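Trainee: Here it is, the structure, as structure tokens.
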Amino acid sequence: MPMLEETIESISAKLLSLDSGPLADLRRMEPDGPGTPIFWRMVAQYELRDCDLNAWKQIIRMMALLTPCGHRGADVRLHDRRQHLGAILCDGGTPTWPPPGTEPKPVYSEARLARFLATPAAQRGEALERMARLLARSRSPQNGVNCIEVARLLLRQDEAYPLQDVAKHYYARLDRAAYQTKQEEGIA
């Protein structure tokens with residue numbers, strides 16, 4: 001199997017090229033269900049046969065949920081290694097967040113993040129799906145999400161570092177926005 005990073009980048013490109021029908025099929029695919037024809041094509045194409053297929057169903061479903069609907073021009077992004085999941089949960093994928101003169105209010109609240117971090121591994125997929133739906137509504141199609149981090153949250157459920165990365169980038173983005181707001185107000 002190719003490296004996770006290469007696989008996610010290839011799947012991202014594939015999802016951005018899909019017509020609305022197969023993309024909708026992937027969005028509706030149940031992680032513990034039989035899968036869809038396009039999913040099984042991807043399993044073969046990306047050599048996922050010997051992997052945790054239920055986890056890959058969840059990963060691909062979430063990536064399909066994050067794939068913008070309608071026309072997808074060359075500037076549309078699904079995956080972007082530089083856009084950490086935690087930071088996007090904080091700013092919604094909006095680089096100019098928060099608007100000048102406003103207090104930083106995360107798109108995904110700190111209370112929700114705390115609940116997510118405490119979610120048992122077996123329920124993490126459902127929580128990530130809710131997260132993906134929120135991000136699909138809030139982020140600009142030109143701003144991708146680091147889908148490698150999403151995959152690690154499902155493939156490495158007994159390891160703490162994927163969760164720690166989410167929290168680290170969330171609070172770094174929140175702290176940076178609070179500092180900028182204080183600078184604008186002349187407080188810092």
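Here, each number is a calculation from the coordinates, and none is a lab measurement. Everything numeric in this text was worked out from a predicted model, so none of it was measured. Positions of Cβ are generated from backbone atoms using ideal geometry, with glycine treated the same way; all protein chains shown enter the neighbour counts.
Trainee: Using packing as a proxy for protection, rank 52-61, 65-74, 8-17 so that the peptide with the highest average count of other Cβ atoms within 10 Å comes first.
Mentor: 52-61, 8-17, 65-74
Trainee: Where does the range 9-77 land on Rg(C-alpha)/(2.2 N^0.38 Å)?
Mentor: For the range 9-77, the normalised Cα radius of gyration comes out at 1.05.
Trainee: Could you tally up the Lys pairs in the range 4-185 with alpha carbons closer than 24 Å? Skip any pair fewer than 8 positions apart unless they're on separate chains.
Mentor: Numbers: K14/K57; K105/K168; K105/K182; K168/K182.
Lysine pairs meeting both conditions in the range 4-185 amount to 4.
Trainee: When a footprinting reagent is the concern and you count Cβ atoms within 10 Å, what order do V145, V166 take, fewest first?
Mentor: V166, V145
Trainee: Then there's this: What is the angle, in °, between the Cα long axis of helix 4-17 and the longest principal axis of the Cα atoms in the chain? Nearest 10 is fine, range 0 to 90.
Mentor: With rounding to tens, the tilt is 80 degrees.
Trainee: Can you tell which of A24, P37, Q183 lies farthest toward the positive end of the dipole of the range 4-185, using +1 and -1 charges on the Cβ of basic and acidic side chains (Lys, Arg; Asp, Glu)?
Mentor: Result: A24.
Trainee: Just to be sure I follow: if Rg is taken over the C-alpha atoms of the range 4-185 and Rh is the Kirkwood radius over the same atoms, what is Rg/Rh?
Mentor: On the way: Rg = 16.5 Å, Rh = 16.8 Å.
Ratio of gyration radius to Kirkwood radius: 0.98.
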